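Novice: Provided herewith is a single structure, encoded as structure tokens, for subsequent inquiry.
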Amino acid sequence: MLKLVLRRLASAIPLLVALSFVTFYLLFNSPGDYLSTLRMNPQVNQEYLTREIQRLGLDQPFYHVWAKWLWGIVRYGNFGQSFQYKIPVTDHIGERLFATLLLALTSTLFAWLLAIPLGIAAAVKQNTLTDRLASAIAFIGLSVPSVLLALLAIYFAAVSGWFPTGGLRSDDAYFWTSTWMKMKDIAWHLVLPTIVLGFGGLAIYTRHMRSNLLETLRTDYMRTALSKGVPYYKAVTRHALRNALNPLITLFGFAFSDLLSGAFLVENVMAYPGLGRTTIEAYFQKDMFVVAASVLLGATMLILGNLLADILLALNDPRIRYE
Amino acid sequence: MVNRSLSAVRAAVVAASLAWLPACAPDVSQQQGRPTSDTTTGTAQLQGTVKPLEGATAAWPVPPMIDTVSSAVLEFKAEPPPAGVKLPFPDAQVVKNITPGQRGGTFTYSSIGEPKTFNLITANENSSTQILGAMFAGLINFDYVTQTYNLGLLKEMVTENGNAAVWILRLRDGLKWSDGQPLTADDILFSNEVIQSDSVVSPSRDVLQVGGKPLKFEKLDNLTVRVTAAEPTGFMHVMMSSMPIVPKHALETAFIAKQFETAMLINADPSTIVCSGPFKLKAYQSGERTILERNPHYYRFDSNGTQLPYLDNVVFQIVPDTDAMLLRFEAGQADAISYPRMQDVFRLRDTQKQGNFTLFDCGPGESKTYLWLNLKPGTNKEGRHYVNPQKHELFKNLQFRKAVFHALNKDAIINTVLRGQALNSWAEISPVLTFWHNPAVEEYTFDQAKAKQILDQEQMIDRNGDGVRETADGTPLSLTFITNKGNKTREEIATLLAADLKEVGIQAVPQYIDFNTLVTRLNDTFDYEGCYLGFGGSIHPITSMNSWRSSGRTHFWNPLQETPATEWEAQIDQLCNEFTAALAPGEQQRIIHRMQEIVAQNVPNFPLFVSKTFHAVRNRFGNLRPSPLTEVFWNAEEIYVKQ
């Protein structure tokens, strides 16, 4: 197992290097740069622009900048400085990463903790009202785009006044002294984004759970177990469920990285202070190192998610061996 | 006062789809002379074709009271404080024309884009400067309502023995930074040293120059500075209003270590950011909000002797887009909204009562839209013509350009797409700048017959019957004009412009391109035929000489000329020189008026219209002085919560 992990991580390195190369190539060769907006300003003179170009290294060929950046990471663990904020990229992204991970965590929990019971209920009680209801929820989740869902959520918040229309914390929260109040405030802000971000996943996992479980319920070993007198609930949880979970674990690996990219959209619509908004802003402003670091972070999440899924698969299913 | 010190640094605001756009008592005796025109005529002249929106509260600009007859340079001297006001130090400034309010409360504002830095000297865009404007005081302030310059931290700014090249700046005695340290002449000298230093890249460096040479600062005593310019200048007040003043005691170490660029960033401990304005930084939450709190050492007081600001806190929420901004305002989570979109203005007007707010119609703003043709001759490095030579000949033809202008039905655009909330404008400088705008330039009213007649006279006739005219040598009168995509209003207008031109036999095709590509083509590769775009103006023409001069980078129709391409551009260059050398406001005004006249006669570009600006603010706030030129909280220190 350890060998697998090491091998996977080692093979990820050239992938990330190549990815960063492509990112820099594209950033340099697409029109405009960080100073584009300033160039249009009559109040900014050429001398200022020239000095900024030198300071930022925009006058060098892209592979120089890329190589320098890579060396900085290898040698000093320095991911460069944000053009806009002049603070280290790691600080800039780090501030936002927490918010994004928090949302990713809550929406993952929301999706999985609801999807698995719903899927099981739908499969066990196939063709009953429970199944229909679970399926209805799933189909709504599959067919409604998350942008629309986000807009509906905001509309709901604005009309009912029960939830905030965006953000992670209230304006006044800064002045509160009670940590409990502050946590409650954050939880209150998280409700709608969590539902919006988690709903699509919930739908997919419910459908997968249902169909996988239905399949295993019809297998010979289930029939054998039941005819041997194993209680139904036990047969389902111990035998059927474990086998039905495998495809879902693979899905989980992809979902891990999807959460980051899916969050981009929800964060933007719901004014959530996460990484997605920062990345989009950095992309529009051509804040090079921030974009590159975000791309790498996303890729790393995907690789780690897949690795995690493979490990979980092996743990869940003794037949799977990586040796 | 808020925000003025940064006016010269404001971000480009290319009025793109990004939609990132953005009064105190004059205690000076600068207004001895007689006013150029009175209030009523000014408003009438502005209203011309556009009226305040019914149901909104009009707050239109009026011409500033500036003496245009005297040939003297503007000097500033503080009046003695009114008797009976108890002040902690005699030089404290008393703000007279506001309603004394009471302390307390919070003003919450939401804006798109987060502050990029709290470093006043390196800040170069609006999201940062709008917050820094509330945190730092300027030597000279600009009043966005009366459009006059007034004394800020200075109590006197006069020439030395009448020589306008040498100025004496006297600071108020008793000024303090937010940490209680005295604010002295050393801070001015230090700020200048930082701005001029090679280790710091500051947009202010260019501002503090006369005749291409930096100003020289000398300390005469603890509160007095002598500023020497290479030539006499009538713009010292503009330069000083743009000069960022930072605390020497807090930043000298970083500067000496060549780390000034990375001082006062958004990740700094708020208590280490020492400032001089009405508010100081309390907290910054990345992606969420900036919280400011009262600066206990601020130097301005009301006539009751209450120290300003009245508000305890100002919160700047960060929202991703205009929709979120509107939503926050409507849900009561924000107290004001500046520059709502035209489609939202009517809704805001109709919900004023329910929302308990007032919609202010501030009249035409500073942001102008133009259509222009690329007049740049020559080829790029690869030998490709910027503009096809035949087309270039066509565009260079003044009669052709006049015909184009006559063909544009601007009033129809204003009345349909812009719902009547814009002013048809003809001059280069927006009518909002009442002192600088020339209301009497040549107008090219909509007249298709005249446009056709001009084209016929020029032998530009449709020879092959395809509905598009051709020149004598067979070049069709067709052009592609670029504009940025994603802005729906702009796309609609571009379609209408093209339709208008088609009516007279000119084929114009709008092309919607990404903003970054647009900038590259306008600024770098120059490969375009025409362009339609909006620009945020500047509040003083001295800061936009780059657009007037033929050698300027933002002289868009033909930038970076080595020698003026036309006689009239040479004439404008000459006038620019005269303007920068002009000492008295009246003379400066006459030169700027003349420049607008010349440009209007030669139509290198087609000024289209100026949209109105609106602000909506909750009714519980007092001392609001909304301006078409800036955000509604620009006088945040004077705003109070009514009881």
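Novice: Please report, ordered by residue number, the helices (runs of 4 or more DSSP H) entirely within segment A:41-153 with at least 2 residues that are within 27 Å of B:Leu518 (Cα to Cα).
Specialist: Answer list for segment A:41-153: A:46-56, A:62-76.
Novice: Where in segment A:215-323 are there helices (runs of 4 or more DSSP H), lying wholly inside it, with at least 3 residues that are closer than 22 Å to B:Ser127 by Cβ?
Specialist: Once the helices (runs of 4 or more DSSP H) in segment A:215-323 are filtered for at least 3 residues that are closer than 22 Å to B:Ser127 by Cβ, what remains is A:241-269, A:275-285, A:288-316.
Novice: Look through B:Gly174, B:Gly133, B:Gly162, B:Gly180 and report the one residue that is open to solvent by less than 20 Å² (accessible area, probe 1.4 Å) and small (Gly, Ala, Ser).
Specialist: Being open to solvent by less than 20 Å² (accessible area, probe 1.4 Å) and small (Gly, Ala, Ser) holds for just one of B:Gly174, B:Gly133, B:Gly162, B:Gly180, which is B:Gly133.
Novice: Only residues that are open to solvent by less than 10 Å² (accessible area, probe 1.4 Å) and either in a loop (DSSP other than H, G, I, E, B) or among the polar types (S, T, N, Q) (or both): list them for segment B:183-200, please.
Specialist: B:Leu183, B:Ser191, B:Val200
Novice: Could you please find all residues in segment A:1-27 being aliphatic (A, V, I, L, M) and over 15 Å from A:Leu308 (Cα atoms)?
Specialist: Scanning segment A:1-27 gives A:Ala10, A:Ile13, A:Leu15, A:Leu16, A:Val17, A:Ala18, A:Leu19, A:Val22, A:Leu26, A:Leu27.
Novice: Against the conditions (1) surrounded by fewer than 21 Cβ atoms within 10 Å (Cβ to Cβ); (2) over 24 Å from B:Lys391 (Cβ atoms), where does B:Gly536 fall short? Just the number, please.
Specialist: Answer for B:Gly536: the failing condition is (1).
Novice: Another question, then. Quick one: count up the residues across segment B:545-579 that are within 14 Å of chain A (Cβ to nearest Cβ), part of a helix (DSSP H, G or I) and over 21 Å from B:Leu371 (Cβ atoms).
Specialist: 2
Novice: Looking at the structure I just gave you, is B:Thr290 open to solvent by 10 Å² or more (accessible area, probe 1.4 Å) and β-branched (Val, Ile, Thr)? Spell out how you get there, then give the answer.
Specialist: On the way: open to solvent by 10 Å² or more (accessible area, probe 1.4 Å): no; β-branched (Val, Ile, Thr): yes.
Criteria not met by B:Thr290.
Novice: So which residues in segment B:92-115 are farther than 30 Å from A:Thr279 by Cβ and either open to solvent by less than 30 Å² (accessible area, probe 1.4 Å) or within 14 Å of another protein chain (Cβ to nearest Cβ) (or both)? Break it down stepwise before answering.
Specialist: From segment B:92-115, those farther than 30 Å from A:Thr279 by Cβ are B:92-107; that's our starting set.
The answer is B:Ala92, B:Gln93, B:Val94, B:Val95, B:Ile98, B:Gly101, B:Gly104, B:Gly105, B:Thr106, B:Phe107.
Novice: Go through segment B:205-224 and report how many residues are in contact with a Leu (Cβ under 9 Å, 6 or more places away or on another chain) and under 16 Å from B:Met236 (Cα atoms).
Specialist: 7
Novice: So which residues in segment A:239-287 are open to solvent by less than 10 Å² (accessible area, probe 1.4 Å), more than 15 Å from the chain's Cα centre (by Cα) and charged (D, E, K, R), if there are any at all?
Specialist: Selection gives A:Asp287 alone.
Novice: Also, quick follow-up: Taking B:Tyr284 as meeting all but one of (1) in contact with a helix residue (DSSP H, G or I) (Cβ under 9 Å, 6 or more places away or on another chain); (2) at pLDDT 95 or above, write down the number of the exception.
Specialist: (2)
Novice: Mind checking which residues of segment B:532-544 are at pLDDT 90 or above and within 11 Å of another protein chain (Cβ to nearest Cβ)?
Specialist: Residues satisfying the conditions are B:Leu533, B:His540, B:Pro541, B:Ile542.
Novice: Something else about it: Within segment B:128-178, how many residues are over 19 Å from the mean Cα position of the chain (by Cα) and polar (S, T, N, Q)?
Specialist: Residues meeting the conditions: 4.
Novice: Regarding segment B:118-126, can at least one residue be identified that is closer than 28 Å to B:Ile639 by Cβ, assigned to a helix (DSSP H, G or I) and not small (Gly, Ala, Ser)?
Specialist: So far as segment B:118-126 goes, yes, one or more of its residues are closer than 28 Å to B:Ile639 by Cβ, assigned to a helix (DSSP H, G or I) and not small (Gly, Ala, Ser).
Novice: How about segment A:159-178: which of its residues are within 9 Å of another protein chain (Cβ to nearest Cβ) and open to solvent by 40 Å² or more (accessible area, probe 1.4 Å)?
Specialist: A:Gly161, A:Arg169, A:Asp172, A:Tyr174, A:Phe175
Okay, residues lined up against (1) farther than 20 Å from A:Thr50 by Cβ; (2) among the aromatic types (Phe, Trp, Tyr):
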| site | (1), (2) |
| --- | --- |
| B:Ile493 | yes, no |
| B:Lys502 | yes, no |
| B:Ile513 | yes, no |
| B:Asn516 | no, no |
| B:Asp524 | no, no |
| B:Tyr528 | yes, yes |
| B:Met545 | no, no |
| B:Arg549 | no, no |
| B:Leu560 | no, no |
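Novice: Let me ask something else. Among the residues of segment B:616-633, which ones are under 17 Å from the mean Cα position of the chain (by Cα) and of a type in the set (S, T, N, Q)?
Specialist: B:Ser627, B:Thr630, listed by residue number.
For (1) touching a Leu at 6+ places or on another chain (Cβ under 9 Å); (2) closer than 29 Å to B:Val69 by Cβ; (3) open to solvent by 10 Å² or more (accessible area, probe 1.4 Å); (4) not in a loop (DSSP other than H, G, I, E, B), each residue gets a yes or a no:
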residue: B:Arg590; (1), (2), (3), (4): no, yes, yes, yes
residue: B:Arg594; (1), (2), (3), (4): yes, yes, yes, yes
residue: B:Phe606; (1), (2), (3), (4): yes, no, no, yes
residue: B:Phe614; (1), (2), (3), (4): yes, no, no, yes
residue: B:Ser627; (1), (2), (3), (4): no, yes, no, no
residue: B:Thr630; (1), (2), (3), (4): no, no, no, no
residue: B:Glu637; (1), (2), (3), (4): yes, no, no, no
residue: B:Gln643; (1), (2), (3), (4): no, no, yes, no
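Novice: State the number of residues belonging to segment B:387-414 that are surrounded by fewer than 21 Cβ atoms within 10 Å (Cβ to Cβ) and in a loop (DSSP other than H, G, I, E, B).
Specialist: Residues flagged as surrounded by fewer than 21 Cβ atoms within 10 Å (Cβ to Cβ) and in a loop (DSSP other than H, G, I, E, B) within segment B:387-414 amount to 3.
Novice: Look through A:Ile137, A:Ile116, A:Ile87 and report the one residue that is over 19 Å from the mean Cα position of the chain (by Cα), within 21 Å of A:Phe284 (Cα to Cα) and among the β-branched types (Val, Ile, Thr).
Specialist: Answer to the selection: A:Ile87.
Novice: Restricting to segment B:329-350, and then to whatever is open to solvent by 10 Å² or more (accessible area, probe 1.4 Å) and assigned to a helix (DSSP H, G or I), can you tell me which residue is nearest to B:Val610 (Cα to Cα)?
Specialist: The extreme case among them is B:Met342.
Novice: Looking at the structure I just gave you, is A:Gln84 surrounded by 14 or more Cβ atoms within 10 Å (Cβ to Cβ), touching an Asp or Glu at 6+ places or on another chain (Cβ under 6 Å), within 14 Å of chain B (Cβ to nearest Cβ) and among the polar types (S, T, N, Q)?
Specialist: Yes.
Novice: OK, next. Taking segment A:1-53 as the search range and keeping residues that are surrounded by fewer than 17 Cβ atoms within 10 Å (Cβ to Cβ) and among the basic types (Lys, Arg), which one is farthest from the other protein chains (Cβ to nearest Cβ)?
Specialist: A:Lys3
Novice: OK, next. Please tell me if B:Thr68 is farther than 30 Å from B:Asn415 by Cα, modelled with pLDDT under 50 and part of a loop (DSSP other than H, G, I, E, B). Break it down stepwise before answering.
Specialist: Values: farther than 30 Å from B:Asn415 by Cα: yes; modelled with pLDDT under 50: no; part of a loop (DSSP other than H, G, I, E, B): yes.
When the stated conditions are applied, B:Thr68 does not pass them.
Novice: For segment B:209-230, enumerate the residues that are aliphatic (A, V, I, L, M) and crowded, with 16+ Cβ neighbours inside 10 Å.
Specialist: Scanning segment B:209-230 gives B:Val210, B:Leu215, B:Leu223, B:Val225, B:Val227, B:Ala229.
Novice: Need at least 2 residues that are surrounded by fewer than 19 Cβ atoms within 10 Å (Cβ to Cβ) and more than 14 Å from chain A (Cβ to nearest Cβ) per element, so show me which helices (runs of 4 or more DSSP H) inside segment B:424-525 make the cut, counting only ones lying wholly within it.
Specialist: B:448-457, B:488-503
The values are calculated or read from the model by the stated rules, or taken from the named source; none is laboratory data. This is a predicted model, so every value here is computed, not measured. Note that each Cβ is placed from the backbone with ideal geometry, even for glycine, and that neighbours are counted across all protein chains shown. These area figures cover heavy atoms from the full protein model, side chains too; ligands, DNA and RNA do not enter into them. Shrake-Rupley method; radii C 1.70, N 1.55, O 1.52, S 1.80 Å.
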